[in-house]
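Step one of this worksheet: look at the structure below.
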Amino acid sequence: MIIKTVSSEKEMQQIKVLQSQNLKMALEPSEIESQGFVSAEYTLDFIKKMNDIAPSIIAVENNEVVGYAIATDKAVLGEHDLLDDLLTKIDHLSFKGRRLAQENYIVVGQLCVAKTHRGQGLVKQLYSSFKTHYAPTYTLCVTDIDRKNIRSLKAHLKTGFEIIGALSFGNSQWDIVLWDWNA
């Protein structure tokens, strides 16, 4: 298993395939509850745009992407409704007495691990690499998690994220979580 940044269009295409396989709307309710899901659907062009701003961290096995953590920041405002809501909400929150609009943070636009590779510590490996790659530039890492995605929330809290706010989008309620890389 190799953990690295995206370096080819083929890898971005594989992110899109893995995303499509794990979208909430494509899964059965029992699988949603037990395995988790991703909510946002991104076009390949948008994945490429986010990757140009900040390369995604991926897990690759036998030349196949089996996990990813998409990185993004405020430069994508106006490109995707859910990310727009998240970025706007983040900027209105405070953490340790500091307004996040004044902080240098990166957003995890989405995290996903292939069904065949879950339970093997891949979330921890992806986030470890994410931090190693981005902590020299950013001090905080922020994302949101659908409250129905209990598996994802547990994985994020175990990694070091903490809940700092909430967001309503569509028909879902979301927890906004933050990982302080200065802690």
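No value in this document is a laboratory result; all are computed from the given coordinates. Remember, predicted model here, so these are calculated numbers, not experimental data. Neighbour counts are summed over all protein chains in view; Cβ atoms, including those assigned to glycine, are modelled from backbone coordinates with ideal geometry.
In region 30-47, the residue that is surrounded by the fewest Cβ atoms within 10 Å (Cβ to Cβ) out of those that are over 13 Å from the mean Cα position of the chain (by Cα) and among the polar types (S, T, N, Q) is Ser30.
Which of the residues belonging to region 92-117 are farther than 30 Å from Gln35 by Cβ and touching a residue at least 40 places away in the same chain (Cβ under 8 Å)? Once the filter is applied, which keeps residues that are farther than 30 Å from Gln35 by Cβ and touching a residue at least 40 places away in the same chain (Cβ under 8 Å), region 92-117 yields Phe95, Lys96, Leu100. Among residues belonging to region 1-13 that are closer than 19 Å to Gln125 by Cα and among the polar types (S, T, N, Q), point out the one that is surrounded by the most Cβ atoms within 10 Å (Cβ to Cβ). So, considering only residues that are closer than 19 Å to Gln125 by Cα and among the polar types (S, T, N, Q), the one surrounded by the most Cβ atoms within 10 Å (Cβ to Cβ) is Thr5. Taking the conditions exactly as written (surrounded by fewer than 18 Cβ atoms within 10 Å (Cβ to Cβ) and either over 16 Å from the mean Cα position of the chain (by Cα) or assigned to a strand (DSSP E or B) (or both)), does Gln173 satisfy them or not? Spelling it out, Gln173 is indeed surrounded by fewer than 18 Cβ atoms within 10 Å (Cβ to Cβ) and either over 16 Å from the mean Cα position of the chain (by Cα) or assigned to a strand (DSSP E or B) (or both). Taken over region 118-170, the residue count meeting the criterion of being over 28 Å from Glu64 (Cβ atoms), part of a strand (DSSP E or B) and in contact (Cβ under 8 Å) with a residue 24 or more places away in the chain is 6.
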